[in-house]
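Reading through the structure tokens given below for one structure.
The values are calculated or read from the model by the stated rules, or taken from the named source; none is laboratory data. Predicted, not measured: the structure shown is a model, and the values here were computed from it. Here Cβ is always computed from backbone atoms with ideal geometry, including for glycine, and neighbour counts include all displayed protein chains. Just the protein is used for accessible areas: all its heavy atoms, side chains included, with ligands, DNA and RNA removed. Shrake-Rupley method; radii C 1.70, N 1.55, O 1.52, S 1.80 Å.
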Amino acid sequence: MAAMSDEAARPKRAGLRIGRVFGVPVIISPTWFVLAVLITILYSDVVASALPHLSALGTYVVSFGFVITLCGSVFLHELGHALTSKYYRIKVNSITLEMLGGHTEMATEADRPKVEAIVSLAGPLVSAVLGVIGIALFIVVPKHTIGAQFAFQFAVCNVLVAVYNILPGLPLDGGRALRAIVWAVKKDKHLASRVSGWTGRAVAAFTAIGGVALYLLQALTLLGLVFALMVAGVLWWGATNAIQIGALGARFHLLSVGALTRPAVMVARGTPLAEVLRQVGEQGAFGAFVVDSAGNPTALMHTGAVKAVPPQRRPWVAIDDVCRTLDALNCWESQWRGERVIEAMRANPLPEYAVFDGDQAVGIVRSVDIADVLDPRAKPRRSRHTGSRDDDATDTVQQQEDHRS
């Protein structure tokens with residue numbers, strides 16, 4: 001139930017959009033309906049024990065109320081993240097409710113440890129306050145009534161959400177708070193992600209072991225054990241992802257647009273694609289700019305579009321038809337380094353970008369080369385100055401498309 005951040009260009013999530021709250025879209029994942037059935041079945045025994053006078057139908061109706069209460073509790077928890085993020089001018093893309101909780105998707109990360117900590121703890125704080133209210137209601141409402149049962153559900157849901165999310169391991173909110181502390185102390189948020197990821201793995205292991213132990217002690221049903229193991233699996237996956245992202249981020253400082261720039265040819269509008277590829281191959285280049293009559297670059301060859309054109313058609317297709325117009329999102333500065341490069345890629349994922357030194361186009365940067373820098377296991381590619389004039393231009397385009405960032 002941790003608040004999560006991601007790139008603004010992320011594809012839309014599958015799910016049912018049920019509305020907007022404070023301008024934030026609220027989505028119910030299809031997996032939530034699995035939760036509804038699972039919790040209704042699991043909790044029906046508790047309801048039957050507390051309210052034995054209810055019919056079988058009434059028992060399941062009240063048990064389903066626990067699903068609705070849990071969903072509402074998770075939503076209010078995530079709304080705490082969302083509103084706090086908006087207060088700090090962090091764009092919130094959506095709130096998603098799903099089988100094993102929910103999350104708030106933000107377009108950008110917090111820029112300071114303090115903000116990271118406040119945003120991460122906002123959700124558990126909301127849940128804790130609601131849990132106290134639920135306990136108070138349970139105390140004053142007459143016992144052995146449906147009202148007492150709903151008060152109990154409200155208290156349990158919010159206390160459970162608050163307590164579990166405060167555990168110090170990613171992807172939980174407590175893990176984000178721990179990451180903020182390590183970030184503030186060590187001045188390295190990537191190291192902080194790795195530390196919080198490892199503690200998250202410990203929480204996941206504890207959840208799995210605890211579920212098995214309770215099942216062996218007959219304090220948990222088989223269905224409950226399966227649910228606990230599912231939660232542990234999701235936590236382990238999220239923690240592992242945090243460790244990997246932290247390791248990746250530790251290599252961001254190696255990125256330099258200037259060092260990764262590849263040569264590109266300059267061609268006039270209307271030049272046949274076959275001729276452009278011939279020039280690319282002869283000059284050992286890795287792309288092409290289209291220039292206007294004054295020699296100013298206006299567009300950049302799009303390798304994906306080139307690949308889609310059959311070889312026999314390339315003499316009859318103009319370069320203009322397989323280009324992207326240059327704009328602020330696909331034009332980079334040669335001085336860019338580190339996280340500035342990553343931010344630019346997140347804002348507009350493309351296979352290649354135009355590189356400028358001031359007003360002069362100096363070449364292109366390919367996303368596959370950036371991926372190679374970030375992946376220590378990748379084989380080194382040729383430097384920008386070692387392209388062979390005998391290389392086939394079509395193979396160059398194919399090579400660019402056969403890799404992903």
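Here is how the numbers come out for the structure above:
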quantity	calculated
In the range 178-271, trypsin sites (Lys or Arg not before Pro) in a DSSP loop with at most 15 other beta-carbon atoms within 10 Å	K187, R251, R269
At least 20 Å along the helix axis (C-alpha) and Kyte average at least 0.0, DSSP helices within the chain	31-50, 56-87, 113-140, 146-165, 189-216, 222-249
Whether the range 53-128 is rounded, prolate or oblate, judged on the alpha carbon gyration tensor where a/c under 1.5 counts as rounded	prolate
Convex hull volume of the chain per residue (C-alpha atoms, cubic angstrom)	179
Alpha-carbon centroids, the range 112-171 and the range 182-197: separation in whole Å	28
Positive-end residue, the chain charge dipole about Cα centroid, Cβ charges, pick of A264, A48, T96	A48
Whole-angstrom gap from the range 29-61 to the range 313-368, using each part's C-alpha centre	55
Packing-based ranking, highest mean first, of 365-373, 133-141, 270-278 given that Cβ atoms within 10 Å are counted	365-373, 270-278, 133-141
DSSP-defined antiparallel bridges as percent of all bridges, the chain, nearest 5	70
Student exercise, the chain dipole from Lys, Arg, Asp, Glu Cβ charges, in Debye to nearest 20	740
Accessible area per residue, Å², the chain with all protein chains present, probe 1.4 Å	50
Pairwise FRET efficiency - E333 versus A136, Cβ, R0 = 56 Å, nearest 0.05	0.45
Mean residue ellipticity (222 nm) of the chain, computed from DSSP H runs ≥ 4 via -39,500 (n - 2.57), nearest 500	-18000 deg cm²/dmol
Among W332, I28, P315 - extreme Cα towards positive end, dipole of the chain, charges at beta-carbon	I28
Relative contact order (percent, whole number), the range 30-122, Cα cutoff 8 Å, 6+ residue spacing	27
Solvent-accessible area, 1.4 Å probe, carbon plus sulfur percent, for the chain	64
Cα gyration tensor shape of the range 96-231, rounded if a/c is under 1.5, else prolate or oblate by comparing a/b with b/c	oblate
